[in-house]
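The values are calculated or read from the model by the stated rules, or taken from the named source; none is laboratory data. Since the model is a prediction, treat every value here as computed from it, not as a measurement. FYI the Cβ positions are ideal-geometry reconstructions off the backbone, even for glycines, and counts take in every protein chain you see. Each accessible area value is taken on the protein alone, full model and side chains, heavy atoms only, with ligands, DNA and RNA left out. Shrake-Rupley method; radii C 1.70, N 1.55, O 1.52, S 1.80 Å.
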Amino acid sequence: MKKITNDLYYVGVNDHQIDLFEGIYKVPNGVSYNSYILMDEKIAIFDSVDINFGEEWLIKIKEVLNGKNPDYFIIQHMEPDHSACIKMLIDTYPSIKIVGNIKTFTMLHQFFQMDTKNQEIVISDMNTLSLGNHTLTFVLAPMVHWPEVMVTYDNTSNILFSADGFGKFGALDIEEEWEDEASRYYFGIVGKYGAPVQTLLKKASSLNIQMICPLHGPILKENINHYLDLYQTWSNYLPSKEGIVIAYTSVYGNTKEVVMKLNSLLKNNNVILYDLARSDMSEVVKSAFEYNKLVLATTTYNGTIFPFMRDFINELVERNYQNRTIGIIENGTWAPMAAKKIKECFISSKQIQFLEPIITIRSRMNDNNIKELESLAQELTK
């Protein structure tokens, strides 16, 4: 239990048991599941926690309530890491009212076989709820990143309870920079849904946000515009950094040799290298979205793209990768096809510029290839 303001309390938990978030993303520093209690004439609890931490969560709630009964349970997101302990809460406080939208309650009854009809308060976009001193405004945010998502604005304290927005990987008892793990979280979890994020940001632009309380990661209290600006950039699929990401695969080291030569030609520039067979895919995806230029170097494999490269490109395309400059290096001993297949992968992507020359290596780099690499390096540094 932690006091945030005179009447707002944090009752979330830290998870250091987890190794893969959503079964995909490595989280070496764990993750937090955030829940909040707003104490007023009426008492509201915001969101639940992962099923493994239900007892710890309820202990914290009871400590804050100090014998009182909560009036409202506000569900902003039904994903199980934020909803798994709802039944435990209702069983503990059977008179509590549940606040959500139509889609919230559809999912609630899919996850839990409970009769909550008499407890449900169904809200629509921009509906309000008075707790006494505090008035809450509910803002629907469908597909950020589930269809039932909503955020809540406390008009009295100017606090935005932002659901998964502005979240990050990493438990709260670990000191680390916000942006690195927040961007990996954004591009991995929310990145596909830039247009819905933009819609939400437009709604939020009229609010005087002084604090952001997300469902993962730290509460944001200072320089709020910095975080809002980053979300504007990210959701518009624009780069936030100048630099060149080189992502490569290499079977026998020959393609890697070419990449290292290109890296040496770019020595005075900000270059980030990734061997896709050995790198955390979410880190590479994050960097590809953060930086403005990308080089893909790979071998032809079974007449198409080497598997790790194909998987990487699929990760980018399904997240609406756009507004970027891409260089291509392909290797093929008898029938190089990788460059052609890479271009086909991006055919539906917007504002992708492929640099010339597209370099074809026939087994190993030769003198002509070195001249081509010099030309590519010049294009990348323009």
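Would you report the distance distribution of C-alpha pairs in the stretch 296-355 as whole percents per 5 angstrom bin, up to the bin with the largest distance?
Reading upward from the zero bin: 4, 20, 32, 25, 14, 5, 1.
Considering amide H positions built from the backbone, and no H for Pro or chain starts, which residues 5 or more places from Lys97, or on another chain, come under 5 Å of its amide H?
Tyr72, Phe73
Please say if the stretch 243-382 is rounded, prolate or oblate, where rounded means a/c under 1.5 for a ≥ b ≥ c the square roots of the C-alpha gyration tensor eigenvalues, and otherwise the choice is prolate for a/b larger than b/c and oblate otherwise?
Numbers: a/c = 1.40, a/b = 1.12, b/c = 1.25.
It comes out rounded by the Cα gyration axes.
Taking all pairs of different Cα atoms in the chain, averaging 1/r and flipping that mean, what Kirkwood radius in angstroms comes out? The partial results should precede the final answer.
Values: mean 1/r = 0.0440 Å⁻¹.
After inverting the mean inverse Cα-Cα distance, the result is 22.7 Å.
Sort the following peptides by mean Cβ neighbour count (other Cβ atoms within 10 Å, averaged over residues), highest first: 8-16, 106-114. Kindly include the intermediate steps, with their values, before the conclusion.
Numbers: 8-16: 20.2, 106-114: 13.4.
Those peptides, ordered most packed to least, come out 8-16, 106-114.
Translational diffusion coefficient, Stokes-Einstein: compute it for the stretch 56-150 using the Kirkwood radius over C-alpha pairs as Rh, at 25 °C and 0.890 mPa s, and state it as an integer in µm² s⁻¹. Could the numbers behind the result be given before it?
Numbers: Rh = 14.1 Å.
Calculated translational D: 174 µm²/s.
To check you understand DSSP bridge types, tell me what percent of the beta bridges within the stretch 246-379 (both residues inside) are antiparallel, rounded to 5.
On the way: 2 of 21 bridges.
Approximately 10 percent, going by the DSSP bridge assignments.
Within a Cβ distance under 13 Å of Glu179, other residues only, what is the Lys/Arg minus Asp/Glu net charge?
Local net charge: -2.
Assigning unit charges at the beta carbon (Lys, Arg +1; Asp, Glu -1) and nothing else, what dipole magnitude in debye, to the nearest 20, does the stretch 215-366 show about its Cα centre?
Numbers: 17 positive and 14 negative charges, 83 e Å.
Charge dipole, the stretch 215-366, about its Cα centre: 400 debye, nearest 20.
Heavy atoms only, probe 1.4 Å: what % of the accessible area of the chain goes to carbon and sulfur, would you let me know? Intermediate results must be reported in sequence, preceding the final value.
Working: 7860 of 16730 Å².
Carbon-and-sulfur percentage of accessible area, whole number: 47.
Enter the accessible area of Ser349 (Å², nearest 10), with the probe set to 1.4 Å and all protein chains included.
Approximately 30 Å² for this residue.
Mind checking the dipole of the stretch 1-44: about its Cα centre, +1 per Lys or Arg Cβ, -1 per Asp or Glu Cβ, Debye to the nearest 20? Walk me through the numbers before you get to the answer.
Values: 4 positive and 6 negative charges, 24 e Å.
Once rounded to the nearest 20, the dipole reads 120 debye.
Based on DSSP H runs of at least 4 residues, each adding -39500 (n - 2.57), what is the mean residue ellipticity at 222 nm of the chain after dividing by all its residues, to the nearest 500 deg cm²/dmol?
Values: 12 runs with 120 residues, N = 382.
That comes out to -9000 deg cm²/dmol.
Cα atoms only: what Rg and Dmax, in Å, come out for the stretch 143-249?
Gyration radius and largest Cα-Cα distance of the stretch 143-249: 14.2, 54 Å.
Where the only charges are on Cβ atoms (+1 Lys, Arg; -1 Asp, Glu), what is the dipole of the chain about its Cα centre, to the nearest 20 debye?
That gives a dipole near 1120 debye.
Of the options Thr325, Leu376, Ser349, report the single residue whose Cα projects farthest towards the positive end of the charge dipole of the stretch 304-382 (beta-carbon charges: Lys, Arg +1; Asp, Glu -1).
Comparing the listed Cα positions along the dipole, Ser349 ranks first.
Sorted by mean Cβ packing within 10 Å, highest first, what order do the peptides 265-276, 30-41 take? List each step's numbers first, then the result.
Working: 265-276: 15.8, 30-41: 21.7.
Result, highest mean first: 30-41, 265-276.
Beyond 18 Å, what share of the Cα-Cα pairs of the stretch 194-283 is found? Please give it as a whole percent. Don't jump to the answer; show the numbers that get you there.
Working: 2539 of 4005 pairs.
In whole percent, the share of Cα-Cα pairs in the stretch 194-283 beyond 18 Å is 63.
By how many degrees, between 0 and 90 and to the nearest 10, does the Cα long axis of helix 367-380 differ from the longest principal axis of the chain?
Long axis of 367-380 versus the principal axis of the chain: about 40 degrees.
Charges on Cβ only, +1 for Lys and Arg, -1 for Asp and Glu, centred on the Cα centroid of the stretch 138-228; of Ala204, Leu215, Leu228, which one is farthest towards the dipole's positive end?
Ala204
So how many Å³ per residue does the convex hull of the Cα atoms of the stretch 92-190 work out to? Could you put the intermediate results ahead of the total?
Numbers: hull volume 15.2 nm³, N = 99.
Enclosed volume per residue, from the Cα hull, is 153 Å³.
Just list whichever of Lys42/Lys202; Lys3/Lys60; Lys241/Lys267 have alpha carbons separated by over 19 Å in the model shown.
On the way: Lys42/Lys202 30 Å; Lys3/Lys60 12 Å; Lys241/Lys267 17 Å.
Distance filter (> 19 Å) returns Lys42/Lys202.
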